[in-house]
1. Counting only other chains, what is the mean number of Cβ atoms within 10 angstrom of the Cβ of each residue in peptide A:48-55?
2. Please state the charge dipole magnitude for the stretch A:218-453, taken about the Cα centre, from unit charges on C-beta atoms (+1 on K and R, -1 on D and E), reported in debye and rounded to the nearest 20.
3. What is the stretch A:218-453's relative contact order, in percent, from Cα pairs under 8 angstrom and six or more apart in sequence?
4. Considering the options A:238, A:402, B:320, tell which one lies farthest towards the positive end of the dipole of the protein assembly as shown, charges being +1 on Lys and Arg and -1 on Asp and Glu at the Cβ, about the Cα centre.
5. Decide, for chain B, between rounded, prolate and oblate: order the square roots of the alpha carbon gyration tensor eigenvalues as a ≥ b ≥ c, take rounded if a/c falls under 1.5, and otherwise choose prolate if a/b is larger than b/c, else oblate.
6. Restricting to Cα pairs below 8 Å that are 6+ residues apart, what does the relative contact order work out to for chain B? Please round to a whole percent.
7. Would you mind checking the tilt of helix A:114-131 against the longest principal axis of the Cα atoms of chain A, expressed as 0 to 90 degrees and rounded to 10?
8. How big is the gap, in Å, between the Cα center of the stretch A:11-30 and the Cα center of the stretch B:191-215?
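Computed from the coordinates by the stated procedures, all read-outs in this text should not be read as laboratory data. Just so we're clear, the structure is a prediction, and the values are computed from it rather than from any experiment. Don't worry about glycine lacking a Cβ; one is built from the backbone with ideal geometry, like all the others, and counts go over all protein chains shown.
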Amino acid sequence: MREQIEAALRGSKAKYTEIRLEEREATTIVYRGHDLETASAVIDVGGIVRCLCDEGGWGESTFNECDHLAAKVEQAYESARVVHSGECVELAPVPAARDNITVSLQRDFRGVPLDAKKTLLRQYNITMLESDARVVDTNAVYQDSFSHVTLASSEGAYIEEERPMVGLLLMAVARKGDDVQTAWESRAGQSGFGFVEGRGDLAVSAAGRAVDLLTAETVVGGRYPVVIDPALAGVFIHEAFGHLSESDFVYENPKAQEMMVLGRRFGGELLTVFDDGSLSGLRGTHKYDDEGTPTRRSDLIRDGILVGRLHSRETAAKMREQPTGNARATSYRYAPIVRMTNTAIDGGTTSFDEMISGIKLGVYACKAFGGQTELENFSFSSAYAYMIRDGQVAEMVKDVILAGNLFTTLKSIDAIGDDFTWSHAGGRCGKGQGGLPVTFGAPHIRIQDVIIGGR
Amino acid sequence: MLEQLMRSAEQAEVVRVHRESTSVVFEASRLKRSQVKETSGLAVRVVKGGRLGFAASSDTRATARLMRNVLESAEHGDAVTFSLPAPQEALDVVTFDESIAALSIGKLVEIGQEMLDLILAAEPGVNVEIELTRSTEHLALRNHSGTDIDFRRSPLSISVEVRWVKGDDVLITYDQTGTTVWDGQHMQSAERLCRKLELARNQARLRSGRMPVLFAPNGSLVLGLPVMLGLDGKDVLKRASPMAGNLGQKLFSDKLTFVDDPTIDGKFGSSPFDDEGVSHRRNVLIDQGILKGFLYDLKTASQAGVESTGNGSRTLFTPPSPQPTNLLIEPGTVLLTDMIASIDSGLWVEDALGLGQGNVISGAFSNSLSLAYKIEKGQLVGRVKDVSIAGNVYDLLRNVAAVSSETEWVHHSLRVPYIMLDSMNVVSQQ
């Protein structure tokens, strides 16, 4: 295969050519209530060629059949030639890496029989179903996937990488009359089967919380001081700010560049935010991104000031900044675009007790159901929450959705906890390409004046 | 492959998909990328020893591994009682148009440029992203009882995103159209966006409180999505849907009728059969507020003791599950202009943020609005910002003030009217 790839690259007429091939086998087991929906394996093989020509933009060819690479290169080249717009796409230089990254997994899931995987998941599923009579439905998912990715370029890069991923999602649905509440727990990582064994606690937690939510009142909508837990804080920083740091938002837009100008104050001095795709043991980590750029820590906000952003080679060149190793693609079916890896709010010095002690009436919001951003506007929903009354955590409330304006919200962060933690939950970022594994980290955070939608 | 599988299984189904497409992408208002895609795949199901197995592969030559995978999957599969369908009569639904199949990249570029010119003429300061894709898909399904389906689709999909940044003030709005038969509507997305930009030029202030709310077709997905989820036969079976056990009950205003219709020529959700070989038909789900039926595929239907409604839908790597095809909320009798004129002080909902977040299956929604306008004394007076709405559709949709006679196709396969609610709580940061 290497011969074929290198020959195809040599034969290309384009200024820059890149070939990325992927072979993946994945197993998925899903329980819905007592029914097994599927226990099945899929095989996904394919590739993408990208070309840049002298006077224009990108041409791409995506395919499943990996023979005849030379023909695919020709197709991508011809597509690139269609795209002439007078302005040439430049790529920031990166050293052409040659590397072979293999993994050695404890309890490699490829060697674990389908029956054992199914049994494990069934146990967790039954734990949820039998925990309480009010649990009427569950959704339990086990997934593993092992990919072999090859990236090669006309600049001489040749990187092979093995990419494992294993994960669990356990969701419980509780019902009382017409009221239906859902809670879930998940865990995923670039690990072996052991990562998901012995996690009955997650099943207990999901079922317990779904039942608790049945007796929780819907929060009264309004403005509150809010303390958010590390899990929700992580989603918040990803959605509300992280996406704005992805340079494909600003790089072609002079007005957006004004909004995201380096040196602008975004928050108080206590706020530091970074993205780091090189940290071991985290879901978003790889040694190189999908253009062959080494990953690293990128500070985005330091002491409240905007100091950096995330780049692909193209956005870096356009904005005359350094590439950061954030060009990622969900699979061979897509070209890489600027994506986050492992994004975090750095830890501070305030304990949780100190944080809530001054709050007469507020909300303690936990975990996230998901979030969405449209630049300055964000919206994310917490999985569950509690009222804070007179400096104490009080009754559980539900349907807590936090929405607001990024600029005012970041500036309203007035306390950062001393309990930083990385999330090992599953969770994917969709950005027009379907879900890409990412992770987030944060401590507890307090934000003043948050609008909460509710009753 | 079918023959080989039938040596060890009682039932078998093989689906083969092949798709080739070309796309052009405009970014920052200029032509940026061009793509050619050619993908294919095989998906297989068997019932062996009464248990269901599934496997899939995008490597169409790996048939030996694929068959091993599906048989192993069946060993661990759940017991099922449904039968894969025998050959059925189906309506002649048009899904293929040679003129779309033959669209050149040059023609796609031309359409994109025309759209760009229109939008930039309306508002020169915006950042426009357009993606145009034409494809030819070939779908084939065969099963052990002789069902042999083979048809082609020619989807043309156009999506546009407009970003307007003025200092800290940001508007992002989208539109998309899709068709499998050339309908001359390719400029519709651009035209709709121009209208939105015009209306958003002025700003207005809105105070929190209860007021009439008019949902434009795009925005009515806020109301429609929880209902769609509640109609999923799987959620009904599991009693996760609040509509479970309520067939025949009047759950909503009699102004609301929801229909799932996969038989409309040229629409994205249309085809003669569903993804399991069951023939497609029009299904009335809610009739003048009364719950008439749910959406089922073969497996969920057999578990519920009913027939499949022909809503079995799948992607290459996932087995079928019930999904809507083309979802229609039927038009009403009130003209949009009259609806607007009737509002003294209210809100027009165009785009909402965070659709689908939260406990949506329960009917609850809470969304901030990325694009909404204030209606004052019967006129749209300007864009309002930092506004959010929340509620539960099982309460709110019991009383609908009006449904328009005009409808629009949005999000590819939803045909929706304008829906006005008399009184809703609106939270404004102003």
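1. Details: counts 2, 1, 2, 1, 0, 0, 0, 0.
Neighbouring Cβ atoms belonging to other protein chains average 1 per residue here.
2. 500
3. 29
4. It is A:402.
5. oblate
6. For chain B, the relative contact order is 16 percent.
7. Approximately 20 degrees, to the nearest ten.
8. 45
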